[in-house]
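Scroll down for the structure; my scribbles are underneath it.
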Amino acid sequence: MGPALILTPRIAPTMERLPIKKRIPSSDELLPVIGMGSWQTFDVGDDVQERAHLAQVLQAFFDGGGAVIDSSPMYGSSEQVIGELLKKVRNKNALFAATKVWTRGKKQGIAQMQRSMRRMGVEVFDLMQIHNLVDWATHLETLKAWKAEGKVRYIGITTSHGRDHRELEQILRIEPFDFVQFTYSIANREVEKRLLPLSADRGIATLINRPYQGGGLFRRVKGKPLPPWAEEFDIHSWGQFFLKFTVSHPAATCAIPATSKVHHMIDNMGAGFGRLPDAATRQKMIAYYESL
């Protein structure tokens, strides 16, 4: 049975339910607020059984209204696996393909990005990002040229380390990035102070990595009930609670949780429908989570 047949009515998209989308400031293009990361989860090499299972995960992503798939050469075989599986799934017309350059040197960066295109089967990447600020000034010059030539649609820069936030802030203040990617969750709200407001002021879209803190958020709430008011915002699981908190920030464009499980993907995609919490509810969410 394919994943499209096991979507539960409570979280499944329907013809009447459209995914929540947010605007890319530099173009006004709209993106669904729930995307997909691939760190560790798609690094399965040539394992036939694992690939068959991940095809179902990927299908559930697209069936749930997904578009943004984020990868990196750093993620082992993930780019290659995604590229092969994209040939097999339905409803993939919405694909917004994103990866990163993660090396030093202009020639090495160009060669790596070209290799990523071949691996993922993408002629023009929607988004190419500089991974963890590595040799960012060198790669930015290449990416500016590639964007002008139509080889990439958007350019971005990423970090998953708080220690790099000050340098990232300085870069964003002076350079013309379309996207920035960093970590944000209900338990790690450091970027609310400077990076999220700066992104809004500079017109930079944000991709949010590690919205579950690597699964750490679930350990705190295991066995605990959702607040009774959660259903008012179409929240039916702790995963949706955490994702809706993240993407309801006005400056958060798209969260990219990673999973290798079909039922988790279905649940993740359910967070991209219905109502988003308002500012007052976001504060209630923080207070409730911290009380557990």
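The values are calculated or read from the model by the stated rules, or taken from the named source; none is laboratory data. All values reported here derive from a predicted model rather than from experimental measurement. When we count neighbours, we look across all protein chains shown, and the Cβ atoms used for this are built from the backbone with ideal geometry, even at glycine.
Structure data summary
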{"item": "Counted residues, region 222-240 - those being buried (at least 23 other Cβ atoms within 10 Å of the Cβ) and out of contact with any Asp or Glu (no Cβ under 8 Å at 6 or more places or on another chain)", "result": "1"}
{"item": "Region 83-100, residues that are surrounded by fewer than 24 Cβ atoms within 10 Å (Cβ to Cβ) and either more than 18 Å from the chain's Cα centre (by Cα) or among the β-branched types (Val, Ile, Thr) (or both)", "result": "GLU84, LEU85, LYS87, LYS88, VAL89, ARG90, ASN91"}
{"item": "Leading residue by the ranking (farthest from GLY156 (Cα to Cα)) among those in region 51-80 that are part of a helix (DSSP H, G or I) and touching a Ser or Thr at 6+ places or on another chain (Cβ under 8 Å)", "result": "HIS53"}
{"item": "Flag if ARG90 is assigned to a strand (DSSP E or B) and farther than 14 Å from ASP70 by Cα", "result": "no"}
{"item": "Every pair of residues 6+ apart whose Cβ atoms lie under 6 Å, when the first sits in region 184-200 and is at pLDDT 95 or above while the second is assigned to a loop (DSSP other than H, G, I, E, B) and not basic (Lys, Arg)", "result": "SER185/PRO211; VAL191/TYR184; LEU196/ALA251; SER199/ALA251; ALA200/ALA251"}
{"item": "Residue identified as buried (at least 22 other Cβ atoms within 10 Å of the Cβ) and assigned to a helix (DSSP H, G or I) among MET113, MET117", "result": "MET113"}
{"item": "Total residues in region 38-50, condition modelled with pLDDT under 95 and either outside any loop (DSSP other than H, G, I, E, B) or on the phi > 0 side of the Ramachandran plot (or both)", "result": "1"}
{"item": "Flag for GLN181 being more than 22 Å from ILE286 (Cα to Cα) and touching a residue at least 12 places away in the same chain (Cβ under 8 Å)", "result": "yes"}
{"item": "Counted residues, region 19-37 - those being in a loop (DSSP other than H, G, I, E, B) and farther than 15 Å from GLY274 by Cβ", "result": "8"}
{"item": "Number of the exception - GLU123 against (1) on the phi < 0 side of the Ramachandran plot; (2) surrounded by fewer than 20 Cβ atoms within 10 Å (Cβ to Cβ); (3) at pLDDT 95 or above", "result": "(3)"}
{"item": "Selection count where residues are assigned to a loop (DSSP other than H, G, I, E, B) and over 16 Å from the mean Cα position of the chain (by Cα), scope region 228-249", "result": "6"}
{"item": "Number of the condition not met by TRP146 [criteria: (1) more than 16 Å from PRO211 (Cβ to Cβ); (2) crowded, with 20+ Cβ neighbours inside 10 Å]", "result": "(2)"}
{"item": "Pairs, first within 15 Å of ALA205 (Cβ to Cβ) in region 25-41, second at pLDDT below 95 and not in a loop (DSSP other than H, G, I, E, B), C-beta under 8 Å, six or more apart", "result": "PRO32/ALA94"}
